[in-house]
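Q: Below is the structure I would like to discuss, written out as structure tokens.
The values are calculated or read from the model by the stated rules, or taken from the named source; none is laboratory data. Just so it is clear, the structure is predicted and the values come from calculations on it, not from any experiment. Glycine gets a Cβ as well: all are built from the backbone with ideal geometry, and neighbour counts include every protein chain shown.
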Amino acid sequence: MTILLVELAGIGDAVLSTPVIRNLRSFFPDAYIGYLTLPHPAELMCKSPYLDEIYVLHKGIDFFYNLSVLRRLRRLNIDTLINLYQLYTKSGILKMALLSNFLKAKIKVGRDTDGKSFFYDIKVTDYLSSERHDVEYKLDLLEAMGCNVKDKQLELWLDDSDIQDAREFLENNSITNSDILIGIHPGAHRLSRRWDWRNFAAVADELAKRYKARIIITGSKKDQGLAKQICLKMSNQPIDASGRFSLTQLGALIKRCNLYIANDTGLMHIANALKKPLVAIMGSGSMKTSPYQKENCIVIKKDVECSPCYKFKCRDLKCLRRITVEEVIEAADKLIQKR
């Protein structure tokens with residue numbers, strides 16, 4: 001049996017798909033299970049012990065590369081294609097319909113978001129406006145196929161080299177095992193989900209003073225400007241780890257943290273999958289994709305009339321501006337004091 005999982009979305013969406021992958025492998029131990037995704041999520045998923053192969057599509061101009069990937073997939077003679085992501089735009093629906101048709105999958109499984117997905121053979125009802133968690137909807141697909149869902153825990157796979165690279169970096173920055181290490185992640189792909197970097201600096205400074213903690217800033221190369229601004233603003237000099245590591249190496253750094261404070265991003269979900277104490281700053285995003293594992297996690301979100309929204313930019317940002325430095329420090333206090 002050949003199964004193709006499709007998750008053409010972000011890093012966080014890939015992390016939220018991990019319970020599906022594990023349960024699917026448990027139910028079909030001898031099946032060939034492939035995973036079609038985008039480049040950044042592939043960095044995480046390539047280390048999964050449950051997948052036979054990762055296939056990567058590139059957004060933009062890589063037409064011939066993408067076509068070669070799709071031709072390889074078509075030659076697999078796919079028995080079941082499972083699209084894990086919700087489709088809510090006309091273009092997204094059309095692209096997925098064309099993709100599944102091109103791949104000639106015998107059975108197509110997916111989420112019928114607001115009744116718009118006409119081409120699935122097996123579908124589950126899904127609503128864009130619902131706040132039922134995305135993980136539950138993804139697992140519904142397995143149950144609709146007749147699979148038993150044994151557990152719903154998120155999972156992240158780090159190897160020894162990731163752990164060693166993180167350990168060496170921290171040792172080079174004079175971090176010992178006895179140090180309280182607090183990670184902050186000020187970036188976000190969507191500008192509409194970035195809490196003000198000055199607020200992150202204020203929170204980090206206060207927590208460093210209050211707990212004699214060391215602060216580490218995480219992020220991609222795109223976050224290096226934000227990290228530099230925070231470093232210049234803070235009185236207690238943080239460690240800048242932005243743009244230095246792969247996703248799994250960042251996961252290893254986050255695993256060492258005693259507390260992680262992050263915007264609504266993929267790294268927020270990585271911290272949650274690792275069960276680290278987490279303060280999640282949710283702006284315009286839906287609770288549908290909030291941290292799934294609730295233990296040792298405090299979500300700070302303001303109810304505003306325009307939320308949830310999916311804008312890339314926002315002039316107002318009242319959903320984030322209403323979150324105060326004091327609220328985040330109070331949440332951090334609660335989690336640190338539970339140690």
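Q: For the range 93-103, indicate whether the set of residues that are modelled with pLDDT of 95 or more and in contact with a Pro (Cβ under 9 Å, 6 or more places away or on another chain) is non-empty.
A: No.
Q: Inspect the range 248-261 for any residue being under 17 Å from the mean Cα position of the chain (by Cα) and either surrounded by fewer than 17 Cβ atoms within 10 Å (Cβ to Cβ) or not assigned by TED's automatic domain parsing to the domain that holds SER192 (or both) and give the result as yes or no.
A: no
For every residue, the table says whether it meets (1) under 18 Å from ILE254 (Cβ atoms); (2) under 19 Å from the mean Cα position of the chain (by Cα).
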residue: LEU170; (1), (2): yes, no
residue: SER174; (1), (2): no, no
residue: ASN199; (1), (2): no, no
residue: LYS212; (1), (2): no, no
residue: LYS221; (1), (2): yes, yes
residue: ALA227; (1), (2): yes, no
residue: SER235; (1), (2): no, no
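Q: Output the residue which, of all residues in the range 267-283 that are in contact with an Asp or Glu (Cβ under 8 Å, 6 or more places away or on another chain) and not in a strand (DSSP E or B), is surrounded by the fewest Cβ atoms within 10 Å (Cβ to Cβ).
A: LYS275
Q: Considering only residues that are outside any helix (DSSP H, G or I), surrounded by 20 or more Cβ atoms within 10 Å (Cβ to Cβ) and β-branched (Val, Ile, Thr), which ones fall in the range 1-31?
A: ILE3, VAL6
Q: Step by step: first the residues of the range 102-158, then only those that are of a type in the set (S, T, N, Q) and out of contact with any Leu (no Cβ under 6 Å at 6 or more places or on another chain), then the one that is farthest from PRO29 (Cα to Cα). Which residue is that?
A: So the residue we want is SER129.
Q: Looking at the range 149-171, is at least one residue buried (at least 20 other Cβ atoms within 10 Å of the Cβ), out of contact with any Lys or Arg (no Cβ under 6 Å at 6 or more places or on another chain) and of a type in the set (Phe, Trp, Tyr)?
A: Within the range 149-171 (the criterion being buried (at least 20 other Cβ atoms within 10 Å of the Cβ), out of contact with any Lys or Arg (no Cβ under 6 Å at 6 or more places or on another chain) and of a type in the set (Phe, Trp, Tyr)), the answer is no, since none of the residues qualifies.
Q: I'm checking my understanding of the structure. Among residues of the range 77-117 that are in contact with an Asp or Glu (Cβ under 8 Å, 6 or more places away or on another chain) and among the aliphatic types (A, V, I, L, M), which one is nearest to LEU57 (Cα to Cα)?
A: Taking the candidates together, the pick is LEU84.
Q: Further question: In the range 284-321, what residues are closer than 19 Å to GLU155 by Cα, out of contact with any strand residue (DSSP E or B) (no Cβ under 6 Å at 6 or more places or on another chain) and not in a loop (DSSP other than H, G, I, E, B)?
A: Result: LYS288, THR289.
Q: All but one of (1) crowded, with 23+ Cβ neighbours inside 10 Å; (2) at pLDDT below 95; (3) among the aliphatic types (A, V, I, L, M) hold for ALA227, so report the exception by its number.
A: Every condition holds for ALA227 apart from (2).
Q: Starting from the range 2-29, take each residue that is acidic (Asp, Glu) and list its partners that are surrounded by fewer than 24 Cβ atoms within 10 Å (Cβ to Cβ) and part of a helix (DSSP H, G or I), counting only C-beta distances under 7 angstrom and pairs at least six apart or across chains.
A: Close Cβ pairs (under 7 Å, with a partner that is surrounded by fewer than 24 Cβ atoms within 10 Å (Cβ to Cβ) and part of a helix (DSSP H, G or I)) amount to GLU7/ASP13.
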